[in-house]
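To keep things clear, I will list the structure first and then write my remarks on it.
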Amino acid sequence: MSEKVNEVCINAACGRTLPLRVAHCPFCGARQVAAAPVLEKVPAPPPLPRMPPPVPVAPPVPAPQAAPRPAPAPQPVPPPASAPVKAPPAKPAARASVPPPRAPVRLRTWIAAAVVLTGIWFYNKPADKPASVAEQVEAATALAAQCDLDGARSALAVLKSARAPAAQIKRLQANISKSAAACDRQQQRTQAWTALQDSVRQALDAGKPELAATRLAAYVKRWGDDPDTLELDATVKVALASVQLDLADACLAKSDRVCLENSLIAAERYKRPELAARTQALRAALSQLLERSLLDASPGQ
């Protein structure tokens, strides 16, 4: 317990007023502790008199009553609903910054834009209807020339449905008809060429080059020459010249000068460079045979 400090020095000899509440007087050094107050003893109150206990009285007998009904079962008390959670106060929307107003578009800017757009339109403007139809006719004609008759006829149907000029439609129909005839002929020629190759090969394998040459000549007469027929003709001529050279070898073996010379002339008629070396060798043999014939016919022997 904190000690109570006086405001005046408790030393009777000093008795000075203390400027502050201190534990010791700064003037005389006396301890500034107040004397503890003396507590007076309060007398206790007198005891109360004791009361006699009450006499018990018998309670009256109650009349018989009906049996009480069972009390209904207490309904379960629902739990108290939780207080709704308050939504946090919405923050005030930040004030959007307003962009500075744009400067108005000048008249010369509008004029320049109009000039540029006009130039673009003139540069990219669609072709007029006759030119577009003409291009479609040319494209369909190219398809017909490539024997794509279905594509060409589809293009013709499109032009008819678009009500193209009658002259353009008539022109495309004529081109399709012409190409159809040419394509049919080309297809027939292809089939005939396949058959010719098989027949010529069979004739050459059988050692009948004359038959192969006859079949090739008939094909060329009907369908004309082309690089394929010229290559096949060279093969047939080599076979024909080889037959003549084989005959010349047989004539040389029999020393038949006239037969050898006739066979060489027939082989050289085909002018095949593939057989040039063999022809030269037979020519040399013919010269030797002729020399021997002249020596044998000389009168000195």
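The values are calculated or read from the model by the stated rules, or taken from the named source; none is laboratory data. In this text the structure is predicted, and so the values were computed from the model without any measurement. FYI the Cβ positions are ideal-geometry reconstructions off the backbone, even for glycines, and counts take in every protein chain you see.
Per-structure values
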| read-out | value |
| --- | --- |
| Checking Gly300 against (1) outside any helix (DSSP H, G or I); (2) modelled with pLDDT of 90 or more, the condition it does not meet | (2) |
| Criterion (under 60 Å from the mean Cα position of the chain (by Cα) and not acidic (Asp, Glu)) met by exactly one of Ala253, Ala277, Ala284, Ala234 | Ala234 |
| Residues (under 15 Å from Ala139 (Cα atoms) and surrounded by 14 or more Cβ atoms within 10 Å (Cβ to Cβ)) located in the range 169-181 | Ile169, Arg171, Leu172, Gln173, Asn175, Ile176, Ser179 |
| Inter-residue pairs, beta-carbon under 7 Å, first without any contact (Cβ under 8 Å) to a residue 60 or more places away in the chain and in the range 225-248, second of a type in the set (Phe, Trp, Tyr) and outside any helix (DSSP H, G or I), 6+ apart | Lys237/Tyr270; Leu240/Tyr270; Ala241/Tyr270 |
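Let's see how each residue does on (1) closer than 30 Å to Ala267 by Cβ; (2) surrounded by 16 or more Cβ atoms within 10 Å (Cβ to Cβ); (3) touching a Phe, Trp or Tyr at 6+ places or on another chain (Cβ under 9 Å); (4) among the polar types (S, T, N, Q):
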site: Ala142; (1), (2), (3), (4): no, no, no, no
site: Arg153; (1), (2), (3), (4): no, yes, no, no
site: Leu156; (1), (2), (3), (4): no, yes, no, no
site: Ala167; (1), (2), (3), (4): no, no, no, no
site: Cys183; (1), (2), (3), (4): no, yes, no, no
site: Arg201; (1), (2), (3), (4): yes, no, no, no
site: Pro209; (1), (2), (3), (4): yes, yes, no, no
site: Ala212; (1), (2), (3), (4): yes, yes, no, no
site: Asp225; (1), (2), (3), (4): yes, no, no, no
